[in-house]
1. With respect to Ile102, determine if the residue is out of contact with any helix residue (DSSP H, G or I) (no Cβ under 7 Å at 6 or more places or on another chain), β-branched (Val, Ile, Thr) and in contact (Cβ under 8 Å) with a residue 60 or more places away in the chain.
2. Looking at (1) buried (at least 19 other Cβ atoms within 10 Å of the Cβ); (2) out of contact with any strand residue (DSSP E or B) (no Cβ under 6 Å at 6 or more places or on another chain), which is the one condition that is false for Ala125?
3. If Thr8 satisfies all but one of (1) in contact (Cβ under 8 Å) with a residue 40 or more places away in the chain; (2) under 14 Å from Thr115 (Cα atoms); (3) in contact with a helix residue (DSSP H, G or I) (Cβ under 7 Å, 6 or more places away or on another chain); (4) surrounded by 14 or more Cβ atoms within 10 Å (Cβ to Cβ), what's the number of the condition it fails?
4. Please give the number of the condition Glu164 fails out of (1) under 29 Å from the mean Cα position of the chain (by Cα); (2) outside any loop (DSSP other than H, G, I, E, B); (3) within 19 Å of Pro247 (Cα to Cα).
5. Among the residues that make up the stretch 135-147, is at least one of them touching a helix residue (DSSP H, G or I) at 6+ places or on another chain (Cβ under 8 Å), surrounded by 15 or more Cβ atoms within 10 Å (Cβ to Cβ), hydrophobic (A, V, I, L, M, F, W, C) and not in a helix (DSSP H, G or I)?
6. Mind checking whether some residue in the stretch 176-189 is more than 30 Å from the chain's Cα centre (by Cα), in a helix (DSSP H, G or I), hydrophobic (A, V, I, L, M, F, W, C) and modelled with pLDDT of 90 or more?
7. Counting only residues that are out of contact with any Ser or Thr (no Cβ under 8 Å at 6 or more places or on another chain), open to solvent by less than 50 Å² (accessible area, probe 1.4 Å) and assigned to a strand (DSSP E or B), how many does the stretch 100-112 have?
8. Out of the stretch 174-206, which residues are free of Cβ contacts under 8 Å to residues at least 40 places away in the same chain and either among the aromatic types (Phe, Trp, Tyr) or over 21 Å from Pro232 (Cα atoms) (or both)?
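The values are calculated or read from the model by the stated rules, or taken from the named source; none is laboratory data. None of these values were measured; they are calculated from a predicted model. Cβ sites come from the backbone with ideal geometry, for glycine too, and all protein chains shown count toward neighbours. What goes into the accessible areas is simple: the full protein's heavy atoms, side chains included, and nothing from ligands, DNA or RNA. Shrake-Rupley method; radii C 1.70, N 1.55, O 1.52, S 1.80 Å.
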Amino acid sequence: MACFVVDTSHVVVFWNEALARMTGVAAAEVLGTQDQWRAFYPAHRPVLADLVIDGALSPILEKFYGGKYRPSPHAPGGWEAEDFFPDFGQDGRWLAFSAAPIRNAEGQVVGCVETLQDITERRQAELEHRAAERRLTEIIAGSPVATFVVDAQCRVTHWNRACEALTGVSTQDMIGRRDIWRAFYAFETRRIVLAEMIVQGATAIEVDERYSGHARPSPLVAGAFEGRDFFPAFGKGGKHLHFMAAPLHDGAGKVVGAIETLLELAYEAPA
C-alpha cells in the first residue's frame, strides 16, 4: 500500500517504495521537506495529511475536495477521499486515499499517515456500467414495443413510452413499484405478472397453470416464456396481447431481473 508520513511541522518523515512507484517521486526527493504536494499537484497546495495535521474541518476540506471526502469510519479524526489526478500516467489516474492522525502514548497528535490506492480500473468499470445502463434505458425508451423491466425484488426499473400508451399508466407512476399487476388487471385482486414469475424462478408447469395453458417456454430465448391473454381494462372492449418475459443475468449468471414485452394482437389467436 502506497503511504507516507508527515510530522506536525508538515515535514515528510516516511515515503515508501510503493508510493515512489505510484508517483514517480523517490523518497530521497521529499524526505525532510514539506514538498509532498509535488508528487500529486502541479502547484503548491495542502494534501489530505496536511489538513488532518491542521485539524481542518469540513469547510476547508470542501474547498480542496468538494463532495469527494468523508470522515474515516476506522480512524477517529481521520478523513478519506477519492479524486482524479490528471498528471499521473498518460491519461491520469483515480486514487482513493485516507489520512489518519498518529498519536503518542498521551494521546497527542505527533504526525499523520496517508495511504493511497489506485482505483482507476474500478472507476472505469463504474463509468462503463453507467454508460451501459444509459444505453439500455435509451433502447427501451425508444422501442415501439411496450416494454418494462423489473429488478431482483420485482420493482419496476424501466417502463417505456409504448408501455405508457398501452396501459395508460405513466412511467413516473410505475418506477420503483412492485404492484405491477395494477397496470394490467385494474379490476382484479393481485395477480403475478410473467416477469415476476421469471425472477422468482417459476417452472414451466407453474407458468402454464397461471395462464391456463396460454403460456409456454420461448423457443427463441433460454429461460424465457411467452403467452397471450385478454386484458378487459384496455380500450373500449379490451385487448388481446402477446407477451414475452426473459431473465436478466449478472456476470455470474444469477438472475437479477426480467424484461417483458407486450404486443397487441389484431385478433384472438386460437388456443
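1. yes
2. (1)
3. Every condition holds for Thr8 apart from (2).
4. (3)
5. yes
6. No; the residues of the stretch 176-189 include none that is more than 30 Å from the chain's Cα centre (by Cα), in a helix (DSSP H, G or I), hydrophobic (A, V, I, L, M, F, W, C) and modelled with pLDDT of 90 or more.
7. 2
8. Once the filter is applied, which keeps residues that are free of Cβ contacts under 8 Å to residues at least 40 places away in the same chain and either among the aromatic types (Phe, Trp, Tyr) or over 21 Å from Pro232 (Cα atoms) (or both), the stretch 174-206 yields Ile175, Gly176, Arg177, Arg178, Trp181, Ala202, Thr203, Ala204, Ile205, Glu206.
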